[in-house]
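Readers should treat all values here as calculations from the given coordinates under stated rules, not as data from a laboratory. As the structure is a prediction and not an experimental result, all values here were calculated from the model. Reconstructed Cβ throughout: ideal geometry from the backbone, glycine too, with neighbour counts over all protein chains shown.
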Amino acid sequence: MGMIGGGKDAFIGAIHRIAANMDGQIELVCGALSMHPDVAQESGRMLYLPEDRIYNTYDEMFKAEAQKLADERMDFVTIVTPNFAHFAPAMQALENGFNVVVEKPVTFTLEEAQQLKAKVEETGLMLLLTHTYAGYPMIKEARQLVKSGKLGKVRKIYVEYIQGWLSRLSEREGNAQASWRTDPKKSGKSGCMGDIGTHAAHLAEYVSGLKITELNASLNIVVDGRMLDDDGAVLLRFEEGATGTLMASQIAAGEENALKIRVYGENGSLEWQQMEPNTLTIKWLDKPAETLRAGSNYTDRLSSYATHNCRTPGGHPEGYLEAFGNLYRNFALALSAKIEGKEAKPEWLDFPSIDDGIRGMAFINNVVASNASNEKWTKYTI
């Protein structure tokens, strides 16, 4: 693995490195870890990278790595820069024959995402989009439960992602994470909905298996002086007649990372929340509710997709880092199989891709358009 961005003091870069290293399948071998050469060099040395593989720019890294023998060069690059700096390095990686892992949203605009998909299809290379929450075992169990038909036809989907960390004008108080996320030149046309609303939308589609077809959005800027939305709600229409509601807020003082989803079918419903990720609650129309717990030893009651992504027996908490690690492990297993000319197992291929990235960018576009429109409903376009 090579890495672009994620130098010293960068939050998400360290998370990616921990996740990638969790199963011993991936080694960080090179990086262009900062746009500032001194920080790039210091960060590379802190991570014990070889001196000749600590690069000052990603352009320099791609050129040098492409010249190495196949068993020496990096196999893929992870891009952990702010939103506006995703597309160019991802496109250049693909053009130089490298697979890609990239933070969400996948690009700055929908048009860029579509160009990236065309390049992925042209090259036959792989792309992982790190929608972290799709890596949780009980989210995979929820998806398989819906697919089994046991809940019956899906009627209603409620999903919410509530935070409070932007309750004040933190971007003016030296908070680097807040600074770029609330800057339209770096984050894009939406703040809260682009940052965490996309996670909620992806989770709704991933678990239910249904795509959003129409929406009606209302976005708010609650904190005076902020340039992008920090709160909002969206009414949703899905395929097959299901409807739902998505709420996202970063000004709910006291909330941490309260991501929650509920899916209601004809026969029953399921409920999962990120603050208690090892538990999936199933409520039935005509019998008592059930509580399912994550655990690698529960192969007799959980799907193979869930147990494949469990690392420990039940009762040993697995959380955000492990979910992130599951994305990397599945990507590594699928990529290794491809390199070796073997067939990847379906469970290995269960990770977000460029198609999820395009739907995420479409979600942002449509939410912003709906909020600006006087029409009650906005047709969902890609």
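Distance from the C-alpha centroid of the stretch 137-178 to that of the stretch 265-318: 17 Å, rounded to the whole angstrom.
Along the stretch 143-149 the Karplus relation, 6.51 cos²θ - 1.76 cosθ + 1.60 evaluated at θ = phi - 60°, assigns HN-Hα couplings of 4, 5, 5, 5, 4, 5, x Hz to successive residues, with x for each Gly and Pro. A 19 angstrom limit on the alpha carbon distance is what I want to check against. Which of 185/376; 140/345; 260/283; 140/260 exceed it? Distance filter (> 19 Å) returns 185/376.
Please list, by residue number, every one of the chymotrypsin sites (Phe, Trp or Tyr not before Pro) in the stretch 60-117 that is coil in DSSP and has at most 14 other beta-carbon atoms within 10 Å. Nothing satisfies the criteria. Legend: ranking of residues 202, 316, 131 from fewest to most surrounding C-beta atoms inside 10 Å; resulting order 316, 202, 131. From the square roots a ≥ b ≥ c of the eigenvalues of the alpha-carbon gyration tensor of the chain, which class results: rounded (a/c under 1.5), prolate (a/b over b/c), or oblate? Cα axes put the chain in the oblate bin. Put in order of Cβ neighbour count within 10 Å, fewest first, the listed residues 228, 151 become 228, 151. Mean-square fluctuations from a GNM of the chain, with a 10 angstrom spring cutoff on Cα atoms, peak among 306, 362, 118 at 118. Of all DSSP-defined beta bridges confined to the chain, some 65% are antiparallel rather than parallel. Here the stretch 2-129 is treated as an ellipsoid with the same Cα gyration tensor; its semi-axes, largest first and in whole Å, are 22, 17, 14.
Taking 0.36 nm per residue of separation and subtracting the Cα-Cα distance, full extension of the segment from residue 168 to residue 316 would add 49.7 nm.
Here the dipole of the chain is about 920 debye; that uses its Cα centre as origin and unit charges on the Cβ of Lys and Arg (positive) and Asp and Glu (negative).
With R₀ set to 25 Å, the beta-carbon distance separating residue 118 from residue 8 gives a calculated FRET efficiency near 0.10.
The distance between label points at residue 235 and residue 36 comes to 4.9 nm (points 7 Å beyond Cα on the Cα→Cβ vector). Which FRET efficiency value, to the nearest 0.05, is calculated for residue 111 and residue 267 with the Förster distance at 35 angstrom and r the Cβ-Cβ distance? Between residue 111 and residue 267 the formula returns 0.25. Rg/Rh, computed from the Cα trace of the stretch 254-382 with Rh as the Kirkwood radius, has the value 1.05. Over the C-alpha atoms of the stretch 335-375, the Rg to Rh ratio, Rh being the Kirkwood estimate, stands at 1.35. Springs between Cα atoms under 10 Å define the GNM used for the chain, and in it the highest mean-square fluctuation of 361, 35, 247 occurs at 35.
Nearest 0.05, what FRET efficiency do residue 284 and residue 18 give at R0 = 41 Å with Cβ-Cβ as r? For R0 = 41 Å, the calculated efficiency reads 0.60. Between residue 340 and residue 186, full extension at 0.36 nm per residue minus the direct alpha carbon distance yields a gain of 51.5 nm.
Lysine pairs in the stretch 2-129 whose alpha-carbon atoms fall under 23 angstrom of each other, counting only those eight or more residues apart or on distinct chains, come to 6. Per residue, the Cα convex hull of the stretch 80-130 amounts to 59 Å³. Helix content alone sets the calculated 222 nm mean residue ellipticity of the chain: runs of n ≥ 4 DSSP H residues at -39500 (n - 2.57) each, divided across all residues, give -10500 deg cm²/dmol.
Relative to the present Cα-Cα distance, how much length would full extension add between residue 179 and residue 57 at 0.36 nm per residue of separation?
Values: separation 122, 0.36 × 122 = 43.92 nm, distance 2.30 nm.
Residue separation times 0.36 nm, minus the Cα-Cα distance, leaves 41.6 nm.
Note: the stretch 183-267, Cα convex hull, 105 Å³ per residue.
Averaging Cα coordinates gives a centre for the stretch 17-96 and one for the stretch 330-382; these two points are 24 Å apart. Along the charge dipole of the stretch 2-129, which of 21, 89, 77 sits closest to the positive end, that is, farthest toward it, with unit charges on the beta carbon of Lys, Arg, Asp and Glu (+1, +1, -1, -1)? Checking the options against the dipole of the stretch 2-129, the answer is 21.
Listed by Cβ neighbour count within 10 Å, with the fewest neighbours leading, 234, 146 appear as 146, 234.
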